Amino acid sequence: MPRCRSLLLLPCILLLALSPAGAGPLKTLTIATGSSAGTYYPIGAAIAAIMNASIEGTVARAIPSRGSIENLLWLERGDVELGIAQQDVTYYALHGQEAFAGRALGGVRALSALYPEMIQAVVRRDAAVRSIADLRGRRVALGAQGSGTAFNARQILQAAGVLQEVRAVEAPFEEAMTQLEQGNLDAAFITAGVPTRVIQALSERVPIRILPIDGPLREELMRRYPFFSEASLPAGSYGAPGAIGTVAITALLVCQAALPEETVTQLLQALFANLAYLKQAHPRGADITLEAAPHGLAVPLHPAAARFFAARVN
Ligand code: GLU
């Protein structure tokens, strides 16, 4: 794979670009991702590496964050040019609904659908908790403040009728997994592409179980929130003996509405010429394809992205 080899040359390319003989000023692009132990981070880092190796005069970098809501706020403020965010959260942000009531963010556009993120409610296998309803009275990590994870956790607990009765904690992924391992928490929610590194790592230290979100609860959730779709974690995920029903939402690559058209076109050209590199960064990278990228979007594409896909996808 010649592309991968050229990515290994990245430090040399950067040095050349930074040398006094380099042509013109460098353009810096920052991609807001998520916890370094989640899935946004490895995918965002791979996108940055592809851009660095393919677009002359550009230095891209992925930075960690607390998740979707924080990424969208950073984009709106102009702190970052690019980000990864859940489609449900992005839609509500654009329309000033749900967590964004009264503070719509107008400056965000979609570049591409990426992959499905699954709602994973993690418990220790030795816990006497078998369902979301069993979380009544339990200590539950919803996710970090500013994450799409915490946003979804509240929706799910509410639909199950236990939101007011759980002892809710806001904690980032790594901290939630440590507290779960030590027995200080009973459950932790994570909305992320599977396998999620931090859950995988916990399952190698202590047996875990993902609580099912299926049957009437799943129907009710999909009725209330049309962004949820039916999904299942494959058998074998984190040591599960069988498949586990849950709901999923789509992760999007998003950008500032004001990002120059040329930058968007170069980025998409580079991305879709290097899909093999995304795939080796994380298994969910395999879901990113030219055909799937513009489909099922509820968030408007940046005009240059709309033109890019119109010229290539039927
Ligand atoms: N979807 C998560 C959130 O916005 C982040 C997932 C990840 O880091 O992979 O909270």
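The values are calculated or read from the model by the stated rules, or taken from the named source; none is laboratory data. Everything numeric in this text was worked out from a predicted model, so none of it was measured. Methodologically, a virtual Cβ is constructed for each residue, glycine included, from the backbone with ideal geometry; neighbour enumeration extends over all protein chains shown. Side chains are part of the model used for accessible areas, which takes the heavy atoms of the whole protein and leaves out ligands, DNA and RNA. Shrake-Rupley method; radii C 1.70, N 1.55, O 1.52, S 1.80 Å.
Side notes on the structure shown:
- The chain - mean residue ellipticity at 222 nm from DSSP helices (-39,500 (n - 2.57) per run, n ≥ 4, rounded to 500): -11000 deg cm²/dmol
- The C-alpha atoms of the chain occupy a region whose extents along the principal axes are 64, 41, 35 Å, arranged from largest to smallest.
- DSSP beta bridges fully contained in the chain are about 65 percent antiparallel.
- For the range 161-314, relative contact order (Cα pairs under 8 Å, six or more residues apart, normalised by length) works out to 15 percent.
- Debye intensity ratio I(q)/I(0), log10, the range 94-155, q values 0.12, 0.29 Å⁻¹ (C-alpha model): -0.47, -1.34
- Vicinal HN-Hα couplings computed from phi for the range 235-244 (Karplus, 6.51 cos²θ - 1.76 cosθ + 1.60; Hz; Gly/Pro x): 3, x, 4, 6, x, 5, x, x, 5, 10
- Label-to-label distance, residue 306 versus residue 127, with points set 7 angstrom from Cα along the beta-carbon direction: 4.5 nm.
- Percent carbon-and-sulfur accessible area, the chain, ignoring ligands, DNA and RNA, probe 1.4 Å: 53
- Relative contact order, percent, the range 98-217 [alpha-carbon distance under 8 Å, six or more residues apart]: 39
- Each peptide in 169-175, 36-42, 308-314, 93-99 receives the mean, over its residues, of other Cβ atoms within 10 Å, and ordering these scores from highest gives 36-42, 169-175, 93-99, 308-314.
- Directionally averaged projected area (the range 162-314, Cα convex hull): 11.8 nm².
- The phi-based Karplus calculation (6.51 cos²θ - 1.76 cosθ + 1.60; θ = phi - 60°) puts the 3J(HN,Hα) values of the range 292-307 at 7, 3, x, 8, x, 7, 9, 10, x, 6, 4, x, 5, 6, 4, 5 Hz, whole numbers, x for Gly and Pro.
- DSSP beta bridges in the range 60-218 [antiparallel fraction, %, rounded to 5]: 55
- Amide H partners (placed H, <5 Å) of residue 169, local residues excluded: 140, 141, 142
- Computed over the chain: relative contact order in percent, which uses C-alpha pairs under 8 Å that are six or more apart: 23
- Cα shape, the range 61-188, gyration tensor, a/c 1.5 rule: prolate
- Remark on the range 244-314: ratio of C-alpha radius of gyration to 2.2 N^0.38 Å is 1.19.
- Percentage, to the nearest whole number, of Cα pairs in the range 190-252 over 14 Å apart: 59
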